1. Take ILE58 and tell me if it is in contact (Cβ under 8 Å) with a residue 24 or more places away in the chain, at negative phi and not in a loop (DSSP other than H, G, I, E, B).
2. Let me spell it out: the conditions are (1) closer than 22 Å to TRP165 by Cβ; (2) among the polar types (S, T, N, Q); (3) crowded, with 16+ Cβ neighbours inside 10 Å; (4) without any contact (Cβ under 8 Å) to a residue 60 or more places away in the chain, and THR73 meets all of them except one. Which number is the exception?
3. Please return the ranges of helices (runs of 4 or more DSSP H) entirely within the range 105-197 where 1 or more residues are at pLDDT 90 or above.
4. Could you please let me know if ASP33 is farther than 24 Å from LEU167 by Cβ and surrounded by fewer than 18 Cβ atoms within 10 Å (Cβ to Cβ)?
5. Which one of these is hydrophobic (A, V, I, L, M, F, W, C) and either in contact (Cβ under 8 Å) with a residue 60 or more places away in the chain or closer than 28 Å to LEU178 by Cα (or both): ALA41, ALA32, ALA110, ALA86?
6. Testing ILE129 on (1) in the same structural domain as VAL71 (by TED's automatic domain parsing); (2) in contact with a helix residue (DSSP H, G or I) (Cβ under 8 Å, 6 or more places away or on another chain), one condition comes back false. Which one is that?
7. Test THR44 against the stated conditions and say whether it is of a type in the set (S, T, N, Q) and either under 20 Å from ASN74 (Cα atoms) or not in a loop (DSSP other than H, G, I, E, B) (or both).
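The values are calculated or read from the model by the stated rules, or taken from the named source; none is laboratory data. Please read these numbers as outputs of a predicted model, since none were measured by experiment. Glycine also receives a Cβ, built like all others from the backbone with ideal geometry; neighbour counts cover every protein chain displayed.
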Amino acid sequence: MISVGVIGCGHWGPNHIRIFSQLTNSRVLMCADLDEKRLSAIQTLFPEILITKDYKDILNNPTIEAVVVAVPTNSHFKITYEALQAGKHVLCEKPLAMSSEECLQLGDLAKNGGRVLMTGHIFVFNQGIVKLREYIASGEMGKIHYAHSERTNLGPFRYDVNALWDLAPHDISIFNFLFNSAPVSVSARGINAWAVI
């Protein structure tokens, strides 16, 4: 049984609380958010979970082994770094950080501390994507020379990052998973939809 703390109870935090509470090998002990209304809503749904406005209460709790970081993107690196330093395993929403240097720093910290660091790339667990990877690996689709993706369902509007930071990590993680490798080259094109109208 792994004990979990969830930092951030906005859009994704409650989903993490629900899922980890439903799994047989994990339980959520505590959650943190600055918004008292969010904490109150969690307390109503999950009265057994301790709530706090200070995420450091989770990091300082020796019974919590793993932490979910579901806060605005500009805080991902800081809180993930502190959680790893506190000896916690970490699942951080994407993007893990705002630069490759920060990501490498977090990876090194996790590796040196013997901790698991995972980014919430949910689509690599999608059964359609898993099946597609099986087709590619078996050779059934022939030799793949390039891949193309197009976003048609944008999801909830984000205020903490632009469309590139919000959406591109999904496509990149899917391609890395499908081909079990990193790309040789990448190109992207974006437009201001308001300028087109």
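1. On the way: in contact (Cβ under 8 Å) with a residue 24 or more places away in the chain: yes; at negative phi: yes; not in a loop (DSSP other than H, G, I, E, B): yes.
Judged against the criteria, ILE58 is a match.
2. Here THR73 meets the rest and fails (4).
3. The helices (runs of 4 or more DSSP H) meeting that bar are 127-138.
4. Here the answer is no, as ASP33 does not meet what is asked.
5. ALA110
6. (1)
7. yes
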